[in-house]
Every structure is written in structure tokens, then in C-alpha cells.
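Asks: A single structure is presented below for examination.
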Amino acid sequence: MGPEILTKFIELAGGPDALIIDVPTAGGDSVYPANWRGMNALKAAGARNVRVLHTVDKKVADSDQFAEPLAKAGGVWFEGGRQWHLVDSYAGTKTERGFHDVLARGGVVGGSSAGASILSTYMLRGARSGNEVIMAPGYEEGFGFLRGVAIDQHVVARERLRDLADSLMPRRPDLLGISEDEGTAWVVRGDTADIIGRNKAFVYGGRDATDSRKPFLTLYPGDRYDLAARRVIRRAWDGSPVSRAFVDSLFAGVGGKATVLVAQGGKVFVDQAYGIPDHPKYMPATTVPNFALGGVAAPIEALVRQLALANDKLAYPARLTRYVGTPVGWHKTIADSSGAMSSNVDELYRLALGVESVRTFRSDTASVNPPLDYSLGWSADQMRGLTRLSAFGTSDGKRNAFMRIPDRRATIIILSDSDNLDAKGIADRIAQRLLQ
């Protein structure tokens, strides 16, 4: 998760000094110390008053003494693991009622992975036998902060997009199925949800038309959705200077395969694929397949080298997953034994957001002097008086383009399999539209 999620959670809890209760119980350990390291993400995001609340004894959870800290809390965060642990410890107890009281008096509840699925009325993947079981009798009831909803997670990273459509929705059409990929969140107030973060969210059983040839509707950061009406309220691209039709026109007649992502200020305006066949598990065509990066890898290689040196790993190629992939949430990006990289526009966008936050690589760079230089590997020039950072697949700007205008938080990413595609020319035209 990027800072855009946890910073928002802390804000809604009442600010950095508000008491936030961190519930790690889904992780399955019997004991979590008061200084449990799982709280570090909240603390790094600015929370100064975080307290662990954990028990495996439902009798303890039903006591006034155990539940008492919730009376002063502004937020409750449920960590990941297996959601049945949360049910076994807290369902029907004074502690569960205390969770609801936090929300009722204007606080916030949230969670990641198992901590996301527990938030809804219907709880998915609750089986003790394993999280591949979607509907598990005895473990189908969540805490119900979102009524009439079922929540899935890790859906792109673990290729789970078929699961809701194949299992729950045919049996429970009364429910609204929602999901999100890692690094992405639904921020819900009343019936209104805003999508924030680094990838996509999905809706099953809504009243809008689904994506073409898919059983769900894809939402993007910047979109707003009405959970009661089950309809989109607003799209991130509404009113944007860069429309899908405009981008489609730039790729008209392009042979081969290509993908493009255009985003600004945390909102994704375009995330589109051309010439890519449907995936059997409904994976986004902008995530699968990968494209060889060529020269677009230059800024990534520069970052990997700096992080490798910071960790006394002088050999290159360094381990991409450890040094870059893990902090930004990459799952599909690959570096082969020679260092040649392949990726997709969705994961490169995670990197673009990652370099906007100095906290992204903090654990790897705490002792680095001088600090990381995020300009290495990029070509810098000016566009309308603003600094533009670019990298291209080939020296003449063909095939791929990765363009950032930091002062506007604007990102344009184009990946293709064609050496004839004028990626630089297309990116330039999109950038001109963004800055008009």
C-alpha cells in the first residue's frame, strides 16, 4: 500500500494524534507484542498513537476491560492473514460491538487482505481449510460494516477475477460483489465510495454495463461509485483533457499489440490495450502480457543499482523483487539473468507513484548518503516551462515511452511490441493535451 491509502485512513481517524487500534489477529499468532512490527506502516504514514488489540479467547474479547480502548479510538485497522481467526476471536462479542461503535461515532474502520474481507456482510474465503474455498459454511458472516456487500482481494496479483463470478454471484445475486487489487482501496462514506491507490477495483452485480466480455465492471483511481444504487457516479476521466476517444485515435491502425496508461494527480484517465486477446482468467490486458522494456528500463536499472549499493550488494543485476518490486508492489515484472526487463503499464505506474513518495524505499535507504537520486536514467527537458522526465524503448523514441511531469504529477506510459510505433510522438501529443 502506498501512502495515499494509509495517509487517508489516518486523516479519517482524526489525524496523526488520534488513537488507532491495530488488530493483527488474522495473522494467526497467539501473541503480538505491544511494539509489533506490523504497526510500522501506520507509523511511517504519520500515526503517532497506535495500539495493538489481540486475543484468541472469545471470552476475553467479550469483556469490558479488553474492549475498553475502543471507546477512545478514532480508527480500527484489521491486518491480513486468514479471516476465520477474526471470526473465532471477536464475532458476537463486546469487542465486535466496540468496532461498530468506532464507526458509528464518526471514526473509520479498514483493513488489508483478510482485514478487507471481514468488513462486509458476506465473508469470502473464510474456510479453515484454505483461502481457495470461496464460500465456507460456518464462516460466511463478516462484521457487516458494509451491508449487502461481499469483498474479495488480491484479485489481479493472484489472478482471482473469475472467482466471484463463478461462485458467489450466481448463488447470491442480492449481494454486490466488490474487489480490489493490492495497493488499491475503496474509501466509503455512507453509500458513496471513492477509489484511490495504485491499480484497479471491480464490481460484480452492479446495474451498469459490465466491461466487454467480462462479468464485472472495472473502476480506476479517481472513480466514484454509489454502493446503494449500484452505479458509477463519476469517472476519473470525466472532464479530463485526455479522453479515451482521443487516445484511441492516436493508436488507430497500429499493428501488433500496445498498451497505454495516462494518469494525473492520482487519477487514472486512460488504461487501455490494443490488439491483446482476452485472458482466460479475465486478467486486465494492461497487466498481461508483459512487454520488453528496452530503454524504458534505464531509470529502473539506475534505481536498482543505487539500492543494491545501499545494501552492499555490488553485483548486478540485483534482485529486482527485493529492491524495487516489493516496495512498489510488483508481481508480474521480470528481470532475466542478463538484467533485461519486461513489465506492463499498470506495474510501471506503481513505480511512478512510488518515486513520488520518499517513504517508498525508506527501509532500504535509511543510511544512504547521499540519498537516492530519482533523476538518474531519465532524459530531462522542458515542456511548457515544466520539467519533463522521459525514457523510450529505442534511441529514436520507438516502441515504448515512459514520461513523467513531476510538478503536475502526470504520468504517460506506452508499451508495445512494434519497433515502428512512434511512442515518443504519441506521448508528446498526450502530454500537450494534459498541460493545455
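The values are calculated or read from the model by the stated rules, or taken from the named source; none is laboratory data. None of these values were measured; they are calculated from a predicted model. Cβ coordinates were reconstructed from backbone atoms using ideal geometry, including for glycine residues, and neighbour counts include every protein chain displayed.
Yes/no matrix, rows are residues, columns are (1) assigned by TED's automatic domain parsing to the domain that holds Ala127; (2) of a type outside the set (Val, Ile, Thr); (3) over 17 Å from Val102 (Cα atoms); (4) over 23 Å from the mean Cα position of the chain (by Cα):
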site: Leu12; (1), (2), (3), (4): yes, yes, no, no
site: Gly27; (1), (2), (3), (4): yes, yes, yes, no
site: Ala44; (1), (2), (3), (4): yes, yes, yes, no
site: Arg48; (1), (2), (3), (4): yes, yes, yes, yes
site: Asp64; (1), (2), (3), (4): yes, yes, no, yes
site: Pro69; (1), (2), (3), (4): yes, yes, no, yes
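Asks: Evaluate the following for Gly115: is it part of a helix (DSSP H, G or I) and buried (at least 24 other Cβ atoms within 10 Å of the Cβ)?
Replies: Numbers: part of a helix (DSSP H, G or I): yes; buried (at least 24 other Cβ atoms within 10 Å of the Cβ): yes.
Yes, satisfied.
Asks: Now a separate question. Against the definition (small (Gly, Ala, Ser), free of Cβ contacts under 8 Å to residues at least 60 places away in the same chain and buried (at least 16 other Cβ atoms within 10 Å of the Cβ)), how does Gly126 come out, yes or no?
Replies: Spelling it out, Gly126 is indeed small (Gly, Ala, Ser), free of Cβ contacts under 8 Å to residues at least 60 places away in the same chain and buried (at least 16 other Cβ atoms within 10 Å of the Cβ).
Asks: Please determine whether any residue of the stretch 9-27 is among the polar types (S, T, N, Q) and over 18 Å from Ile118 (Cα atoms).
Replies: There is no residue in the stretch 9-27 that is among the polar types (S, T, N, Q) and over 18 Å from Ile118 (Cα atoms).
Asks: How about the stretch 29-74: which of its residues are basic (Lys, Arg) and not in a loop (DSSP other than H, G, I, E, B)?
Replies: Result: Arg37, Lys43, Arg51, Lys58, Lys59, Lys72.
For (1) free of Cβ contacts under 8 Å to residues at least 60 places away in the same chain; (2) of a type in the set (Phe, Trp, Tyr); (3) under 24 Å from Pro16 (Cβ atoms), each residue gets a yes or a no:
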| residue | (1), (2), (3) |
| --- | --- |
| Ala67 | yes, no, no |
| Arg82 | yes, no, no |
| Asp88 | yes, no, no |
| Gly92 | yes, no, no |
| Thr95 | yes, no, no |
| Phe99 | yes, yes, yes |
| Ser112 | no, no, yes |
| Ile118 | no, no, no |
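Asks: Could I ask something else about it? In the stretch 212-227, what residues are under 15 Å from Ala193 (Cα atoms) and not charged (D, E, K, R)?
Replies: If the condition is that a residue be under 15 Å from Ala193 (Cα atoms) and not charged (D, E, K, R), then Leu217, Thr218, Leu219, Tyr220, Pro221, Gly222, Tyr225, Leu227 are the ones that fit.
Asks: Looking only at strands (runs of 3 or more DSSP E) that lie completely in the stretch 160-242, which have at least 1 residues being under 30 Å from Arg429 (Cβ atoms) and touching a Pro at 6+ places or on another chain (Cβ under 8 Å)?
Replies: Qualifying strands (runs of 3 or more DSSP E): 184-189, 192-197, 217-219.
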